[in-house]
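The values are calculated or read from the model by the stated rules, or taken from the named source; none is laboratory data. What you see is a predicted model, and the numbers here were worked out from it, not measured in a lab. Positions of Cβ are backbone-derived with ideal geometry, glycine not excepted, and every protein chain shown enters the neighbour counts.
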Amino acid sequence: IRQGMLIKPPQNIDLPVPNKANTIDIFPTIAELIGGDIPGQCQGQPWQKEHENTLRIVERIHPRYYNISVEEDNLKAIYTYESNNPNCPTNKKIAEGPLHSEYYDLQEVRIGKSEDIREKLSRQTKNKFRTWAEEFMSDSRTGDRENSLDQDLDQETHNQLRNLGYR
């Protein structure tokens with residue numbers, strides 16, 4: 001979703017706002033403004049810095065499916081996998097490949113044209129995007145491995161998470 005955003009910075013601060021605002025950039029922008037550190041795992045870029053064509057990966061975990069989108073250089077790929085709620089797909093499901101894939105030119109999407117451009121992309125480009133998605137999912141967070149946070153949770157917390165539908 002490309003939502004609109006309004007920001008009124010203090011008068012004494014020069015805050016260049018890019019033409020497109022991504023919610024992933026809000027936290028690092030505020031951290032930069034207050035002189036804080038931007039955590040290493042933060043994928044966003046502060047608006048105060050020159051924006052490069054950076055790789056952006058966003059995941060959506062749903063009880064019935066798992067989506068991962070990869071954006072780079074005005075191209076976007078979206079892959080849908082079988083759900084492993086609340087985790088990423090298992091290594092086996094990643095190896096089997098996505099149930100569905102889509103490719104878009106973000107400049108065209110922004111002007112209302114949402115045509116899948118898979119036929120216009122080279123196999124090399126599609127493979128590059130899929131590799132990025134698979135590397136992200138195969139990280140230490142996959143469903144085949146224990147989440148390191150789980151090891152620190154007591155039984156009561158596990159029960160509460162289960163009651164809330166997270167287990």
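A few points about this structure:
- Residue ID - farthest from ILE57 (Cα to Cα), chosen from residues in segment 16-45 that are at pLDDT 65 or above and in contact with a Phe, Trp or Tyr (Cβ under 7 Å, 6 or more places away or on another chain): THR29
- Screening GLU134, GLU102, GLU108, GLU72 for residues that are modelled with pLDDT of 95 or more, within 21 Å of LEU55 (Cβ to Cβ) and among the acidic types (Asp, Glu) leaves exactly one candidate, GLU102.
- The criterion of at least 1 residues that are among the charged types (D, E, K, R) and either touching an Asp or Glu at 6+ places or on another chain (Cβ under 9 Å) or at positive phi (or both) is met by the following strands (runs of 3 or more DSSP E) wholly inside segment 55-104: 56-61, 75-82.
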